[in-house]
1. Just reorder 109, 137, 13 by solvent-accessible area, largest first, 1.4 Å probe, all chains present.
2. In whole Å, what is the distance between the alpha-carbon centres of the range 64-81 and the range 1-53?
3. As a test question: what accessible area, to the nearest 10 Å², does residue 124 have when a 1.4 Å probe is rolled over all protein chains in place?
4. Order the following by accessible area, largest value first: 38, 83. Probe radius 1.4 Å; ligands, DNA and RNA are ignored.
5. Please work out the FRET efficiency for the pair residue 117 and residue 4, using the Cβ-Cβ distance as r and a Förster radius of 41 Å; give the result to the nearest 0.05.
6. Residue 85: which lysines have alpha carbons under 23 Å from its alpha carbon, excluding same-chain residues fewer than 8 sequence positions away?
7. Could you order 63, 73 so the one with the most accessible surface comes first? Probe is 1.4 Å.
8. Nearest 500 deg cm²/dmol is fine: what mean residue ellipticity at 222 nm does the chain get from its DSSP H runs of n ≥ 4 alone, each adding -39,500 (n - 2.57), divided by its residue count?
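The values are calculated or read from the model by the stated rules, or taken from the named source; none is laboratory data. Everything numeric in this text was worked out from a predicted model, so none of it was measured. Here the Cβ is made from the backbone with ideal geometry for all residues, glycine too, and neighbour counts use every protein chain on show. Ligands, DNA and RNA are excluded from the accessible area calculation, which covers all protein heavy atoms including side chains. Shrake-Rupley method; radii C 1.70, N 1.55, O 1.52, S 1.80 Å.
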Amino acid sequence: MTRLAKALKISDTLRIKTFELGGQIFRVKVPLNSELDSIINRIVNVPEEDVKKRLEKMIAALKDSNLEGVEVKDDDVVVEGRSTKESVVAVMQMERKVVEYLKLLVPETGTLDDLTYEEIEQEFPLQVQLELLEKITEVIQPGYKDARKN
């Protein structure tokens, strides 16, 4: 606890905001800037070994095919000018963002510290995941959507 928090007797509940989605009320703990920086770092820096595993699954069938517009490289397959590896990284970053942002939700019981994307995927379809991301972003970074438009 900082000197300011002690002096003003600020509790963590001050950093908890709520939003509603589909009639359900969600509580979100708004991260400090340093916490948000760590979250962004975990989202962006996907381990190379994880990328390789996912990439191998995706390109296994493409490697042996002689399809038009498919170019096989050492560690990638380019389909009509688009890198499969770049697509894999983008998908994994999106999944990591979903996990990291849902970890900001305040659970009724227990903890979400070890939450996985597989668990989220079992509970929420992709559209709901994206709506949750949007709502959490509005709560933790108010005005971000408007600033991004400019």
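1. 109, 13, 137
2. Using only Cα atoms, the two centres lie 40 Å from each other.
3. We get 60 Å² for residue 124.
4. Numbers: 38 55, 83 20 Å².
Of 38, 83, the descending order of accessible area is 38, 83.
5. The pair residue 117/residue 4 has a calculated efficiency of 0.65.
6. 52, 53, 57, 63, 73, 97
7. 73, 63
8. So the helix-based figure for the chain works out to -16500 deg cm²/dmol.
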